[in-house]
């Protein structure tokens, strides 16, 4: 697969330690149909596992992961709650492990959905072990990119578990999770019926144009050397804003401060972060009601003239005030969950370009080794009920 990235040639990417990050961002529209085929092939097996559980009105569905993987659940919960009409929560493995007595209920039938790129993070493994100990009626859906990871190996030994191992290409070799994030998000959406198979091709086709479309805007904004970037989104896009902010923090080695909030929540204090060195990115909803709040804030921010720049990401032109806008082709009739796949491509590419502009090596931006591809330094302490 060619590793050229819009505006940056393959030779430069290799020389500057960005080859894998660029490749894994650019490959996503071509990887998603592979994920769709994988889930379709396992459909009978998945339904046999999920359908008996989903008939239980008291079922508790917990989406869990660490870091980027935890934001998959945040993106899924709003749409999945409506779809299942069940109790659906997103709880990071880091929270489950630090307080199992606060977050696991022994008498509640529970489906723990674990997301993990490597499957080797100590908290991911410990969360599954604790759920096995604490919850009398627990079931596991494990979605991972690594067939050799500890979670994948443990799945056959669990009381009730279904394992989905994604295509090898999704097991990102770069430090930052990019295609692993969107591929696991898509897998869960397809598994639970939040997204239909026939929608994947239209989303992938639209997303394939996004990098070319957004790159000139991203290059221009990177050149302005912002010190702070704020990502805002509502509902499904609130969790995506958190992932976008984390990607920028990771790929810039913390040299650019990145924050995330909801569109309405931003006014309640966090808005004070804005100054002339701040870029604000608003992921605008396609839902007419939610969109009205996003547009109100966009208009307000541009009227205030305090931010260095304001970028609107949207699948529709309607109502967007004049300014820096990236409007996607082919997604205007889709819901916010589907447009999320385009939004995150813009955020990932901006983070990569910003990393390069700072003279870092995006495949391994933290040369000091303070953070690593698989988290290190975590001690799992014994827990007693």
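The values are calculated or read from the model by the stated rules, or taken from the named source; none is laboratory data. Just so it is clear, the model here is predicted, and its values are computed rather than measured. Ideal geometry is used to build each Cβ from the backbone, glycine not excepted, and the neighbour counts take in all protein chains shown.
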Q.
Need a quick list: helices (runs of 4 or more DSSP H) entirely within the stretch 150-242 having at least 3 residues that are over 23 Å from residue 126 (Cβ atoms).
A. 179-192, 197-208, 210-222
Q | Odd one out for residue 81 among (1) touching a strand residue (DSSP E or B) at 6+ places or on another chain (Cβ under 9 Å); (2) more than 21 Å from residue 156 (Cβ to Cβ); (3) crowded, with 20+ Cβ neighbours inside 10 Å | A | (3)
(Q) Please go through the stretch 1-44 and give me each residue that is closer than 25 Å to residue 197 by Cα and over 26 Å from the mean Cα position of the chain (by Cα), ordered by number. (A) 44
Q: Go through the stretch 262-284 and give me each residue that's over 15 Å from residue 310 (Cα atoms) and under 19 Å from the mean Cα position of the chain (by Cα).
A: 262
Q: Tell me which residues, restricted to the stretch 9-27, are without any contact (Cβ under 8 Å) to a residue 60 or more places away in the chain and over 21 Å from residue 181 (Cβ atoms).
A: 9, 10, 11, 12, 14, 15
Q: Could you tell me whether residue 253 is out of contact with any helix residue (DSSP H, G or I) (no Cβ under 6 Å at 6 or more places or on another chain) and either touching a residue at least 60 places away in the same chain (Cβ under 8 Å) or within 25 Å of residue 126 (Cα to Cα) (or both)?
A: yes
Q | Given (1) crowded, with 22+ Cβ neighbours inside 10 Å; (2) over 20 Å from the mean Cα position of the chain (by Cα); (3) part of a helix (DSSP H, G or I), index of the condition residue 310 fails | A | (3)
Q: Have a look at 61, 31 and point out the one that is in contact with a strand residue (DSSP E or B) (Cβ under 6 Å, 6 or more places away or on another chain) and either more than 30 Å from residue 137 (Cα to Cα) or at pLDDT 95 or above (or both).
A: 61
Q) How many residues, within the stretch 333-376, are under 22 Å from residue 173 (Cβ atoms) and either in a loop (DSSP other than H, G, I, E, B) or at pLDDT below 95 (or both)? A) 19
(Q) Given the condition touching a helix residue (DSSP H, G or I) at 6+ places or on another chain (Cβ under 9 Å), assigned to a loop (DSSP other than H, G, I, E, B) and closer than 24 Å to residue 245 by Cα, answer yes or no: does some residue in the stretch 137-145 qualify? (A) yes
Q: Pick out the one residue from 76, 53, 112 that is farther than 23 Å from residue 234 by Cβ, modelled with pLDDT of 95 or more and in a helix (DSSP H, G or I).
A: 53
Q: Among the candidates 331, 279, single out the residue that is crowded, with 22+ Cβ neighbours inside 10 Å and in contact with a strand residue (DSSP E or B) (Cβ under 7 Å, 6 or more places away or on another chain).
A: 279
Q. Before we move on, is residue 96 in contact (Cβ under 8 Å) with a residue 24 or more places away in the chain and in a helix (DSSP H, G or I)?
A. yes
